[in-house]
Amino acid sequence: DGLAAFRTFLKSEFSEENVEFWLACEDFKKTKSSTKITSKAQKIYSDFIEVDAPKEINIDFQTKTHISQNISEPTLSCFDDAQRLIYSLMAKDSFPRFLRSEAYKELVKKQQSGNQKRWLPFL
């Protein structure tokens with residue numbers, strides 16, 4: 001529920017690509033097959049990294065260039081620097097705003113009422 005509420009919040013701020021990129025990287029790091037590593041890396045690159053990508057993330061030129069130079073022979077760690085930057089951006093910027101948002105307040109209310117019902121089945 002929390003992830004869904006955070007994604008909805010990011011969508012309302014036109015920055016949902018950040019959490020989508022982070023989740024895509026987490027999935028990518030679990031890839032075992034070398035052919036899938038290449039195809040998944042290419043998909044992440046075309047969706048989030050390359051210039052004018054449909055969900056282009058905001059990372060520095062140096063990080064973007066490093067990924068671009070190494071995408072032809074990707075490793076499971078090829079997006080680590082970019083993923084760290086995006087995580088930091090969300091942690092310092094988006095997430096604190098989310099914690100002050102109505103979406104978060106509604107989530108907390110829902111969780112609290114759900115917990116009360118579990119403990120008091122007659123409610």
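The values are calculated or read from the model by the stated rules, or taken from the named source; none is laboratory data. Just so it is clear, the model here is predicted, and its values are computed rather than measured. Heads up, the Cβs are rebuilt from the backbone with ideal geometry, glycines too, and the neighbour counts pull from every protein chain shown. Note: areas computed on protein heavy atoms with side chains; ligands, DNA, RNA excluded. Shrake-Rupley method; radii C 1.70, N 1.55, O 1.52, S 1.80 Å.
Here are the numbers for the structure shown:
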quantity: Proximal charge balance of Glu16 [Cβ under 15 Å; K/R count +1, D/E count -1]; calculated: -2
quantity: In sequence order, calculated HN-Hα J values of region 14-31 (Karplus, 6.51, -1.76, 1.60; Hz; x Gly/Pro); calculated: 6, 9, 5, 4, 5, 6, 5, 4, 4, 5, 4, 5, 4, 5, 4, 5, 8, 5
quantity: Calculated [θ] (222 nm, deg cm²/dmol) that DSSP helices of n ≥ 4 give over the chain, each run adding -39,500 (n - 2.57); calculated: -19500 deg cm²/dmol
quantity: Distance between region 73-110 and region 7-34 - C-alpha centres, whole angstrom; calculated: 9
quantity: Shape call, region 48-91: gyration tensor on alpha carbons, a/c limit 1.5; calculated: oblate
quantity: Listed peptides 81-88, 69-76, 31-38, 46-53 by packing density, highest first (mean Cβ within 10 Å); calculated: 81-88, 46-53, 69-76, 31-38
quantity: Whole-Hz couplings from phi, Karplus 6.51/-1.76/1.60, listed for region 2-13; x for Gly and Pro; calculated: x, 5, 4, 5, 5, 4, 4, 4, 4, 4, 5, 9
quantity: Estimated vicinal HN-Hα couplings, Hz - region 58-70 in sequence order (Karplus 6.51, -1.76, 1.60; Gly, Pro = x); calculated: 9, 10, 5, 4, 4, 5, 4, 5, 4, 5, 4, 6, 10
quantity: Charge dipole magnitude, Cβ of K and R +1, D and E -1 - region 14-94, Cα centre, debye nearest 20; calculated: 400
quantity: Heavy atoms of Ser77: accessible area, 1.4 Å probe, square angstrom to 10; calculated: 70
quantity: Relative intensity, log₁₀ I(q)/I(0), of the chain from a Debye sum that treats every alpha carbon as a point, q = 0.09, 0.12, 0.23 Å⁻¹; calculated: -0.34, -0.54, -1.27
